[in-house]
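Engineer: Below you'll find the structure I mean.
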Amino acid sequence: MKITIESSRVVKPTYNGSAPSTNQHVSLSVFDKVTYNTHIAVIYAFNPPTPSNIAIEKGLSKVLAEYREWAGRLGEDAEGNLVIFLNDQGVRFVEATIDSKLRHVLPSKPTKEIQSLHPSLYGVEELVQVQLTRFTCGSMVVGFTAHHLVADGHATSNFLVAWGLAARGLAIDPIPLHTRDTIFKPRNPPLIQYDHRNIEYMNNKYVKTMSITDNESNEEEIVIHKVHFTNEFINKLRAKASTGVPKPYSRFETTLAHLWRVITKARGLHGHETTQIRISVNGRMRMDPKVPNEYFGNIVLWAFPRSKVRDLINRPLRYAVELIRAEVVKVNDSYFKSFIDFANSDIISKEGLVSTANMNKITLSPDLEVDSWLTFPFFDLDFGSGSPHYFMPTYFATEGMLFLLPSYLGDGSIDAIVPLFKDNLDTIKMYCYSLD
C-alpha cells in the first residue's frame with residue numbers, strides 16, 4: 001500500500017468571538033490517570049461522493065473550540081502532576097493519496113499495512129491526529145488517532161459525531177461537559193471497600209518483571225483473525241445460555257463467553273490453570289448520581305471474571321456467561337466511589353503503585369482482554385455524504401486482546417477481532433461456530 005503524503009499541518013481551534021486564555025490547564029481525573037497511557041487509532045472508509053478536505057478541516061477547527069483538550073498538550077504542572085495544557089497548539093492534519101481503488105487495497109481485518117492509513121502512534125506530541133487518504137475511485141479513508149489519557153471510547157465517539165456535525169455546518173449537540181478536575185471528589189471520611197491496590201494498581205517491580213517475560217514472545221507468530229457472528233447465531237447462543245433465566249443474557253455477555261471458551265480450548269491450557277478476562281465497565285450509568293453522557297474524559301474501570309480452565313471448558317456456556325454478568329454487576333456505584341477514595345489517597349505514591357492497564361505486552365495468555373465497541377456510535381460519523389461503509393481499529397498484535405465491533409452490515413451481527421498465535425488458528429476456526 002504505497003501512500004503519498006501531500007501535506008501535513010497543524011489545525012487549531014476556531015472560536016466565535018474572542019478566544020479563551022491559552023495559559024490554563026486541567027488536571028487529569030483519577031480515571032484518566034489509571035487508564036492506558038497510549039494513543040489509539042481507528043480507520044473509517046467512506047464511499048464516493050465524499051466532502052472536500054477543506055470542509056472536513058474546517059469542521060475539525062470548529063469542533064476543537066468545544067473540545068479544547070484535544071488541541072492541547074500533556075505535561076506536568078508546578079507540583080509535578082500530569083495535566084492537559086489548554087494552549088491551543090492544535091492537532092495534526094495529514095492529506096494523502098494512493099494510486100489505487102479502495103476495494104483493491106483495504107483489507108477486511110486489521111493488518112500491518114493499514115498502519116499507513118493513519119499517522120504514527122509513537123513519539124507524538126499532538127493529542128489527536130487525522131489523515132485523509134484519497135483513492136482513485138473517489139473513496140476516502142479517515143485515519144484518526146487519539147490519546148487515551150484524554151478520553152475513553154464513549155467520549156471520543158461523541159467527539160467524532162460532533163466533528164461530523166460541525167463539518168456539515170450544524171450545531172454541536174450535546175455540548176461536552178468539561179468537569180474532569182472537579183467532579184470526582186473523595187468522600188470525607190474516605191471509605192475504601194475493595195482491593196484496588198491489586199486490581200487497578202500493582203507494584204512497579206512486578207511491571208518490569210512481567211514486561212521482560214512477555215516481550216520474549218515473537219510478534220511474528222501472532223495473526224489477526226476476524227470472526228463474523230451473524231445475528232441468527234448470536235440469538236442461538238443467547239437462547240442456549242438463557243433457558244429458564246428471567247432476564248435473558250445480552251448479546252455482549254453471550255458472545256464474549258463463547259469466545260472465552262473457544263479461545264481457551266484453542267490455547268491448549270492445562271485444566272488446573274486459571275484464566276480471566278479484563279472487561280471495561282463504563283461508569284456513567286453506574287454511578288449515583290449518574291454522570292451525564294456528554295461528560296468528556298475517562299470513566300472506566302474493569303471487571304475480572306475468572307475460572308479454572310477445566311470448569312470453563314467442561315461446564316455449559318451459561319457458566320461462563322454467569323461469571324461475566326456477576327463480575328460486571330459488582331463494578332457498581334459503591335465500587336466506583338471506593339476507587340475514587342483510594343486513588344485520591346497517598347497510598348499510590350507511598351507504595352510506588354502503577355496502573356495495571358498495560359498495553360506493552362505481546363501475549364495475554366492464559367487471560368483475555370476485551371474492548372467492546374458495540375454501543376459506540378462510530379457509524380454516526382457523517383461529514384455530509386453519509387455514514388462510513390466500513391470501520392475498524394488499527395493493527396494491534398497483542399495475543400488475547402479482543403475487539404467486538406458492530407458489523408458494517410447493520411443487521412445486528414458482530415465482528416470479533418481476535419489476535420492469536422498461528423498454531424491456534426485452526427482450532428479457533430473449528431470451534432467458533434459450534435453451539436456445543
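Engineer: Does any residue of the range 330-338 turn out to be surrounded by 15 or more Cβ atoms within 10 Å (Cβ to Cβ) and in contact with a helix residue (DSSP H, G or I) (Cβ under 8 Å, 6 or more places away or on another chain)?
Structural biologist: Yes, the range 330-338 contains at least one residue that is surrounded by 15 or more Cβ atoms within 10 Å (Cβ to Cβ) and in contact with a helix residue (DSSP H, G or I) (Cβ under 8 Å, 6 or more places away or on another chain).
Engineer: Identify all residues within the range 125-141 that are in contact with a strand residue (DSSP E or B) (Cβ under 7 Å, 6 or more places away or on another chain) and farther than 28 Å from residue 281 by Cα; write none if there are none. Lay out the reasoning, then the answer.
Structural biologist: Keep residues of the range 125-141 that are in contact with a strand residue (DSSP E or B) (Cβ under 7 Å, 6 or more places away or on another chain), which gives 125-135, 139-141.
Scanning the range 125-141 gives 125, 131, 132, 133, 134, 135, 139, 140, 141.
Engineer: Also: Which one is least open to solvent (accessible area, probe 1.4 Å), of the residues in the range 299-308 that are assigned to a loop (DSSP other than H, G, I, E, B) and out of contact with any Gly (no Cβ under 6 Å at 6 or more places or on another chain)? Steps first, answer last, please.
Structural biologist: At the first step, the residues of the range 299-308 found to be assigned to a loop (DSSP other than H, G, I, E, B) are 299, 304-305.
In the following step, the residues that additionally are out of contact with any Gly (no Cβ under 6 Å at 6 or more places or on another chain) were identified as 304-305.
Numbers: 304: 30, 305: 1 Å².
Among those residues, the one meeting the criterion is 305.
Engineer: Can you tell me which of 388, 393, 419 is open to solvent by less than 20 Å² (accessible area, probe 1.4 Å), closer than 30 Å to residue 116 by Cβ, over 18 Å from the mean Cα position of the chain (by Cα) and not hydrophobic (A, V, I, L, M, F, W, C)?
Structural biologist: Numbers: 393 fails: over 18 Å from the mean Cα position of the chain (by Cα); 419 fails: over 18 Å from the mean Cα position of the chain (by Cα).
Criteria check complete, one pass: 388.
Engineer: Using beta carbons and a limit of 8 Å, which pairs, at least six apart or on different chains, have the first residue in the range 417-436 and in the same structural domain as residue 369 (by the TED database) and farther than 11 Å from residue 259 by Cα and the second one assigned to a helix (DSSP H, G or I) and acidic (Asp, Glu)?
Structural biologist: Pairs that qualify, where the first residue is in the same structural domain as residue 369 (by the TED database) and farther than 11 Å from residue 259 by Cα and the partner is assigned to a helix (DSSP H, G or I) and acidic (Asp, Glu), are 421/221; 422/221; 423/221.
Engineer: Can you work out which of the residues in the range 15-64 that are open to solvent by 10 Å² or more (accessible area, probe 1.4 Å), assigned to a helix (DSSP H, G or I) and touching a helix residue (DSSP H, G or I) at 6+ places or on another chain (Cβ under 9 Å) is farthest from residue 120 (Cα to Cα)?
Structural biologist: Per the stated criteria, the residue is 30.
Engineer: I would also like to ask the following. Check every one of the strands (runs of 3 or more DSSP E) wholly within the range 385-436 and list those with 1 or more residues that are closer than 23 Å to residue 264 by Cα.
Structural biologist: Values: elements: 390-393, 401-406, 414-421.
So the answer is 401-406, 414-421.
Engineer: Now for a separate question. Residues in the range 144-167: is at least one more than 25 Å from residue 360 (Cβ to Cβ), more than 22 Å from the chain's Cα centre (by Cα) and surrounded by fewer than 22 Cβ atoms within 10 Å (Cβ to Cβ)?
Structural biologist: yes
Engineer: I've got another one for you. Sort through 73, 103 and tell me the only one that's open to solvent by 20 Å² or more (accessible area, probe 1.4 Å), in contact with an Asp or Glu (Cβ under 8 Å, 6 or more places away or on another chain), outside the structural domain of residue 340 (by the TED database) and basic (Lys, Arg). Outline the logic, then answer.
Structural biologist: Working: 103 fails: in contact with an Asp or Glu (Cβ under 8 Å, 6 or more places away or on another chain).
Testing whether each residue is open to solvent by 20 Å² or more (accessible area, probe 1.4 Å), in contact with an Asp or Glu (Cβ under 8 Å, 6 or more places away or on another chain), outside the structural domain of residue 340 (by the TED database) and basic (Lys, Arg) leaves just 73.
Engineer: Taking the range 249-288, which residues are closer than 18 Å to residue 367 by Cα and in a loop (DSSP other than H, G, I, E, B)?
Structural biologist: Result: 268, 269, 270, 271, 272, 273.
Engineer: For a quick check of your reading: which helices (runs of 4 or more DSSP H) sit entirely within the range 317-376 and have at least 1 residues that are within 21 Å of residue 253 (Cβ to Cβ), free of Cβ contacts under 8 Å to residues at least 12 places away in the same chain and among the aliphatic types (A, V, I, L, M)?
Structural biologist: On the way: elements: 317-330, 333-343, 347-351.
It comes to 317-330.
Yes/no per residue for (1) surrounded by 20 or more Cβ atoms within 10 Å (Cβ to Cβ); (2) under 19 Å from the mean Cα position of the chain (by Cα):
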{"residue": "245", "(1), (2)": "no, no"}
{"residue": "253", "(1), (2)": "yes, yes"}
{"residue": "258", "(1), (2)": "yes, no"}
{"residue": "285", "(1), (2)": "no, yes"}
{"residue": "297", "(1), (2)": "yes, yes"}
{"residue": "310", "(1), (2)": "no, no"}
{"residue": "316", "(1), (2)": "no, no"}
{"residue": "319", "(1), (2)": "no, no"}
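Engineer: Of the numbered conditions (1) surrounded by fewer than 17 Cβ atoms within 10 Å (Cβ to Cβ); (2) among the β-branched types (Val, Ile, Thr); (3) closer than 15 Å to residue 256 by Cβ, residue 414 fails exactly one; give the number of that condition.
Structural biologist: Residue 414 satisfies all of (1) surrounded by fewer than 17 Cβ atoms within 10 Å (Cβ to Cβ); (2) among the β-branched types (Val, Ile, Thr); (3) closer than 15 Å to residue 256 by Cβ except (1).
Engineer: Filter the range 359-371 down to the residues that are modelled with pLDDT of 95 or more, open to solvent by 40 Å² or more (accessible area, probe 1.4 Å) and touching a helix residue (DSSP H, G or I) at 6+ places or on another chain (Cβ under 9 Å) and list them by number.
Structural biologist: 365
Engineer: Can you name the residue in the range 339-358 that is among the hydroxyl-bearing types (Ser, Thr, Tyr) and open to solvent by less than 30 Å² (accessible area, probe 1.4 Å) and is also farthest from residue 184 (Cα to Cα) among such residues?
Structural biologist: Applying the first criterion (among the hydroxyl-bearing types (Ser, Thr, Tyr)) to the range 339-358 yields 345, 349, 355-356.
From what is left, the residues that are open to solvent by less than 30 Å² (accessible area, probe 1.4 Å) are 355-356.
Details: 355: 18, 356: 21 Å.
Of everything passing the filter in the range 339-358, 356 is farthest from residue 184 (Cα to Cα).
Engineer: In this structure, is residue 111 among the hydroxyl-bearing types (Ser, Thr, Tyr), over 21 Å from residue 162 (Cβ atoms) and either in contact (Cβ under 8 Å) with a residue 40 or more places away in the chain or outside the structural domain of residue 402 (by the TED database) (or both)?
Structural biologist: On the way: among the hydroxyl-bearing types (Ser, Thr, Tyr): yes; over 21 Å from residue 162 (Cβ atoms): yes; either in contact (Cβ under 8 Å) with a residue 40 or more places away in the chain or outside the structural domain of residue 402 (by the TED database) (or both): yes.
Spelling it out, residue 111 is indeed among the hydroxyl-bearing types (Ser, Thr, Tyr), over 21 Å from residue 162 (Cβ atoms) and either in contact (Cβ under 8 Å) with a residue 40 or more places away in the chain or outside the structural domain of residue 402 (by the TED database) (or both).
The values are calculated or read from the model by the stated rules, or taken from the named source; none is laboratory data. Since the model is a prediction, treat every value here as computed from it, not as a measurement. Neighbour counts run over all protein chains shown; Cβ positions are idealised from the backbone, glycine included. We work out accessible area using only protein heavy atoms, side chains counted, and drop any ligands, DNA or RNA first. Shrake-Rupley method; radii C 1.70, N 1.55, O 1.52, S 1.80 Å.
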